[in-house]
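Scroll down for the structure; my scribbles are underneath it.
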Amino acid sequence: MGLDPAYETDGNSFMVCDNIFEALVAYADESTQLEPGLAESWDISADGMTYTFHLRKGVKFHDGTPFNADAVVFSIGRMMKERKVKFLNQPLTIPAQERTPEYWVSMEMDNTVDTIEAIDDYTVVFKLKRVEAPFLANMGMDFADIISPTAFTKNPKEFVRNPVGTGPFKFVSWVKDDRIILEKNKDYWDKKGGPYLDKLIFRSIPENSVRFLELKTGNINICQYPNPADIPMAAKDKKLKLVSQPGMNIGYLSFNHTKKLWQDASMRKAIAHAINREAIVDNIYQGMGQVASNPIPPTMWGYNKEVPGFKYDLDLAKAYLAKAGFPEGKGLPEITLWSMPVPRPYNPEGLKVGVAMISDLSKIGIKAKIVSYDWGTYLKRQREQPDDMDLFQLGWTGDNGDPDNFLAVLFDGLASSSIRTQWKNEQYHNYMLEGKQTVDQAKRAEIYKKALQLIYEECPVISIAHSTVISPITKNVMNYKLHPTASVRMKDVWMQK
Amino acid sequence: MPAYILRRFLILIPTLLGVSIIVFMMLRLTPGDPAELLLGERATESALQEVREHLGLNEPLHVQYGLFLKRLMKGDLGETIWTRQKVWIEVKQRFPATIELSLVALCISCFFGVLFGIVSATRQYSLFDYLSMLGALAGVSMPIFWLGLVFMLIFSLNLGWLPISGRLDVHINLEVITNFYILDAVLTRNWEALRDVIWHIIMPAVTLSTIPTAIVARMTRSSMLEVLRQDYIKTAKAKGLSNFKVIFKHALRNALIPVVTTIGLQFGILMGGAILTETIFAWPGVGKWMYDAVMQRDYMVIQGGTLFIATIFVVINLFVDVLYAVINPRISVK
C-alpha cells in the first residue's frame with residue numbers, strides 16, 4: 001500500500017487517499033451521481049471528443065501552492081504512456097515513470113485520452129482518441145486525483161509516503177503497519193460542512209475479531225469489515241450502532257463458454273433454475289445482501305426492473321436439462337464448480353456457496369465437484385478457461401457507477417480476450433459499443449436495459465447476489481455514511497461528546 | 001579458539017546461499033502470480049503484461065536469480081512489489097519491533113522456564129512437578145492464535161487491565177530514535193510512553209513465550225535431574241552444604257549448559273512464532289509483514305525477509321556455539 005493515488009490498487013490505500021486528495025469530478029454522498037469536484041463545471045463537445053474542465057478558483061494544496069490547470073495536466077499527464085501534454089506557465093518536467101499506473105492501464109485510459117492541455121490558469125482541455133461515454137465517471141476515481149506538482153517534483157520517490165493534495169485532511173505521519181495520522185485542513189475550500197475532526201487516525205488491525213474487540217472497548221470508533229458473525233453482537237451492544245449501504249457489487253456464477261456443453265442455453269438455464277439463491281443469501285450471506293435479478297445493482301442507472309430474474313424451480317430446471325439432451329442428468333459427466341478461496345465483498349464465503357450449489361444441482365441429477373486454488377492461481381487459471389473448469393464463481397465491485405464498468409468489463413467477450421466470462425454475442429457486443437459511443441445518459445440507459453434483457457434471455461451468467469456493506473461504529477460517531485464505491489469520507493463526520 | 005570461530009563463520013556463507021536458492025525456487029514453483037494479485041479481478045491481459053514486465057517476472061528463472069544475487073552482493077535486497085520501497089529500509093523499520101517483542105518473551109521464558117525446571121527437578125514426582133510438567137505440555141500444544149484471543153477477552157475486555165493491540169497508544173507521542181520503543185522512551189525520558197509501551201508488550205510477549213517457556217522448563221528439569229545424580233553433588237551434600245547452596249552453586253552451572261543451547265535456538269524460533277502473535281496483536285514487526293507478503297506473493301519481501309531472518313538465526317547459533325565452547329572448553333578442541 002502507498003499514498004500516491006495514481007499507483008495504488010488496494011482499498012486500504014484509497015481509504016486514506018480519499019481524505020487527502022480530490023479529483024476534478026466527485027461522486028455524491030451515498031451514490032455515484034457525478035458532481036463538481038475540483039472542476040466547477042465542464043463542457044463536452046458535440047462529437048463527444050473534447051472535454052473542457054473549468055477549475056475551481058482559490059483552492060490551495062496542503063503545501064500552500066495554488067491548485068491550477070498545470071497541476072491537473074501534471075497529475076493526469078504523468079500516467080500517460082506518450083505524454084502529449086501542454087503546460088501553461090513553467091514547462092514542468094514530469095519525472096520518469098517509476099512503475100505502471102495500474103488503474104490507468106486497466107481502465108484503458110491510454111486508448112481513450114489523446115492530449116491534455118492547459119488553456120489558461122483555470123481551464124484544462126482533454127482531447128480523446130475515441131468517443132468514450134464513461135470517461136467523465138472515470139475522472140472521479142481515485143487514480144485521477146490531483147496532486148501538488150511542487151511536492152511531487154521535490155522528491156518523486158518520497159511522495160508516496162508524504163502525500164500532498166487539496167482534500168479536507170492533511171497528512172501528518174505514518175508508522176508502517178501501525179497507524180496513519182491526518183489532521184484537519186483549516187484552509188479547506190468548501191466552507192459548508194466539515195472538516196470537523198481535528199485529527200484522524202487510521203489503525204491497521206489485521207484480525208477481524210481483534211478489530212471488533214477494539215471497537216467494543218471504545219479504543220477505535222469505526223470498524224471496517226467485521227466478521228459477519230459479529231454483526232448481531234454489535235446490534236445488541238448499547239455502545240455501538242450499525243451503518244449500512246447496499247454494495248455496488250455483484251457475485252455471480254458463470255460458465256466456461258469455450259466448452260461446447262455450455263454453449264447450449266438450455267443447459268445454462270437448467271443450472272440457473274436449480275440454484276436456490278435465496279437460501280444462499282439467507283444462510284451464507286447471513287441476510288446481508290439481496291438476491292440479484294440483473295448483474296448490475298438496482299441503485300445504478302440503466303437497471304432493468306422488468307427483468308424477473310431466475311426463480312428457484314426444480315421442475316423447470318429438469319425440463320431444461322431434458323431439452324438439452326440429458327434427462328435427469330443421464331449421460332452428463334461429472335462437472336466441476338470453481339469456488340473462490342478468499343472472502344470478497346460480493347461473496348463472503350466462496351466455498352460454502354459452492355457446496356450449497358452442488359447440493360442444489362444434485363437435486364436435478366447433475367453431479368458436480370468443487371475445485372479451488374489459492375487466489376492468485378485461481379485468477380490466473382480462470383483466465384485460461386481450462387477444460388477442467390465448467391462453472392466458476394467470481395464477482396465485481398464497481399469503480400465509478402457507470403453500467404459500462406459492469407456490463408462491458410464482465411461480459412463482452414468479443415471486445416477482448418481478457419474478459420473473464422468469454423461470452424461471445426454479436427448483438428451484446430453492439431449494445432456495448434453503442435453504449436460507449438452515446439454521450440446522452442438517458443439514451444445510454446435505454447441501451448443498457450436492452451442489454452440486460454438479452455442477458456436474461458441468453459443466461460450467460462447467473463447473478464447471485466448484491467451484498468450489503470455493514471460497519472459497526474460507536475454511538476458517538478455522527479454523520480458517518482458508507483459510500484457505494486467503498487470510499488471512506490470523513491469530511492462531514494463529527495464526534496458527540 | 002579463534003580458528004574455531006573463523007571456521008564456524010565461514011560455514012555461514014554456503015548456508016545462506018543455500019537458503020537463498022531454496023527460498024527463491026520455492027517461491028517460483030508455488031503457483032500464484034503477483035501481477036494477478038496486484039490487479040485482482042479487474043486485470044486485463046495488457047495490464048498484466050505491463051506489470052510482469054516491470055517487475056522482471058518475464059525473465060527466465062536463472063536470470064532473475066542472477067539479478068537477485070548480483071544486487072545482494074551490493075547489499076541491496078531489492079524493492080518490494082506492493083509498497084515500492086527498498087526491502088532493506090522496510091526490514092529496518094520493522095525489525096526492532098520484532099526483536100523487542102522476542103527479547104521480552106525470551107526473558108519471560110528464561111526466568112519462568114528455568115525456575116519451574118529447577119523446582120520440578122528438586123521435587124521430582126511431587127504435585128508441583130506433575131502440575132508444572134502438565135502445564136508445559138499444555139504450553140507446547142496450545143495454539144498461539146487461540147491463546148492470544150483468550151488473553152484479550154480476559155485481560156482486556158473483561159478485566160480492562162491491558163490494552164488489546166498495537167505497540168503504543170495512539171494518543172501518546174514518542175520520539176522515535178532506534179525504533180526500540182522501550183529504549184526510545186528511556187532515552188527521551190518519556191516515562192508516560194515507557195509505561196504505556198510496557199503495558200502494550202505484556203500480553204503479546206506472554207503469548208509468544210508460552211511454547212519456549214514450556215520447552216526450557218522441560219529441558220532444565222531433565223538436565224538438572226541428571227546433574228543431581230552426579231557424585232560431586234552427593235559429595236557436596238555429604239559435606240553438609242545447604243540444599244540451596246548445592247543447587248544454585250554447584251548443580252545449576254553444569255545443568256545450564258544444554259539449556260543455553262536450547263535458549264539460543266528458541267530465540268530463532270520465537271521470531272518465527274512472531275508471525276502469528278504479531279498478526280493477532282497488530283504488532284508492526286517483521287512477522288506480520290512477512291505474512292502479508294506471502295499472501296500477496298511479494299517475492300522481494302519474502303526473499304529478502306527470509307534471508308535476513310536466516311542470517312540472524314545462524315549468527316545467533318554461532319554465538320551460542322561459541323558461548324558453549326567458552327562454558328565447556330572440551331568442545332572447541334574438536
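Descriptive notes on the structure:
- All positions within region A:105-118 that are crowded, with 22+ Cβ neighbours inside 10 Å and closer than 13 Å to residue A:85 by Cα: A:113, A:116, A:118
- The numbered conditions (1) part of a helix (DSSP H, G or I); (2) touching a Phe, Trp or Tyr at 6+ places or on another chain (Cβ under 9 Å); (3) among the aliphatic types (A, V, I, L, M) are all true for residue A:462 except (1).
- Test for residue B:7: is it surrounded by 12 or more Cβ atoms within 10 Å (Cβ to Cβ), among the charged types (D, E, K, R) and assigned to a helix (DSSP H, G or I): no
- Single residue of B:137, B:131, B:153 found to be surrounded by fewer than 20 Cβ atoms within 10 Å (Cβ to Cβ), over 30 Å from residue A:160 (Cβ atoms) and within 12 Å of chain A (Cβ to nearest Cβ): B:153
- Considering the conditions (1) more than 30 Å from residue A:425 (Cα to Cα); (2) crowded, with 21+ Cβ neighbours inside 10 Å, residue A:272 is excluded by exactly one of them, (1).
- The residue that is modelled with the highest pLDDT, among those in region A:137-158 that are charged (D, E, K, R) and part of a loop (DSSP other than H, G, I, E, B), is A:145.
- Any hit, region A:84-104, residues being crowded, with 18+ Cβ neighbours inside 10 Å, out of contact with any Asp or Glu (no Cβ under 6 Å at 6 or more places or on another chain) and at positive phi: no
- Which numbered condition residue A:480 misses (of (1) buried (at least 22 other Cβ atoms within 10 Å of the Cβ); (2) more than 14 Å from chain B (Cβ to nearest Cβ)): (1)
- Of the criteria (1) away from every other protein chain (no Cβ under 14 Å); (2) buried (at least 19 other Cβ atoms within 10 Å of the Cβ); (3) farther than 30 Å from residue B:246 by Cβ; (4) touching a Leu at 6+ places or on another chain (Cβ under 7 Å), which one residue B:106 fails: (3)
- Among the residues of region B:69-101, those that are more than 23 Å from the chain's Cα centre (by Cα), assigned to a helix (DSSP H, G or I) and aliphatic (A, V, I, L, M) comprise B:69, B:72, B:73.
- The residue that is nearest to the other protein chains (Cβ to nearest Cβ), among those in region A:107-121 that are farther than 24 Å from residue A:407 by Cβ and touching a helix residue (DSSP H, G or I) at 6+ places or on another chain (Cβ under 6 Å), is A:116.
- If only residues of region B:71-103 that are among the charged types (D, E, K, R) and crowded, with 20+ Cβ neighbours inside 10 Å are counted, the one that is farthest from the other protein chains (Cβ to nearest Cβ) is B:100.
- The criterion of at least 1 residues that are touching a Leu at 6+ places or on another chain (Cβ under 8 Å) and more than 14 Å from chain B (Cβ to nearest Cβ) is met by the following strands (runs of 3 or more DSSP E) wholly inside region A:159-253: A:169-175, A:179-184, A:240-246.
- Out of B:301, B:320, B:260, one residue alone is assigned to a helix (DSSP H, G or I) and either within 30 Å of residue A:219 (Cβ to Cβ) or under 13 Å from the mean Cα position of the chain (by Cα) (or both). It is B:301.
- All positions within region A:68-83 that are away from every other protein chain (no Cβ under 14 Å), assigned to a loop (DSSP other than H, G, I, E, B) and surrounded by 19 or more Cβ atoms within 10 Å (Cβ to Cβ): A:68, A:78
- Cross-chain or 6+ apart pairs with Cβ under 7 Å, region B:41-68 first and more than 14 Å from chain A (Cβ to nearest Cβ) and part of a helix (DSSP H, G or I), then modelled with pLDDT under 85 and surrounded by 18 or more Cβ atoms within 10 Å (Cβ to Cβ): B:68/B:78
- Selected residue (only one of B:267, B:313, B:308 is under 24 Å from residue B:64 (Cβ atoms), at pLDDT below 85 and either within 10 Å of chain A (Cβ to nearest Cβ) or in a helix (DSSP H, G or I) (or both)): B:308
- Residue match in region B:183-195 (condition: within 10 Å of chain A (Cβ to nearest Cβ), part of a loop (DSSP other than H, G, I, E, B) and either in contact with a strand residue (DSSP E or B) (Cβ under 9 Å, 6 or more places away or on another chain) or without any contact (Cβ under 8 Å) to a residue 60 or more places away in the chain (or both)): no
- Qualifying helices (runs of 4 or more DSSP H) (wholly inside region A:351-452; at least 1 residues being within 14 Å of another protein chain (Cβ to nearest Cβ) and in contact with a Lys or Arg (Cβ under 9 Å, 6 or more places away or on another chain)): A:375-383, A:404-411
The values are calculated or read from the model by the stated rules, or taken from the named source; none is laboratory data. Note that the coordinates shown come from a computational prediction; the quantities given were computed from them, not determined experimentally. Glycine gets a Cβ as well: all are built from the backbone with ideal geometry, and neighbour counts include every protein chain shown.
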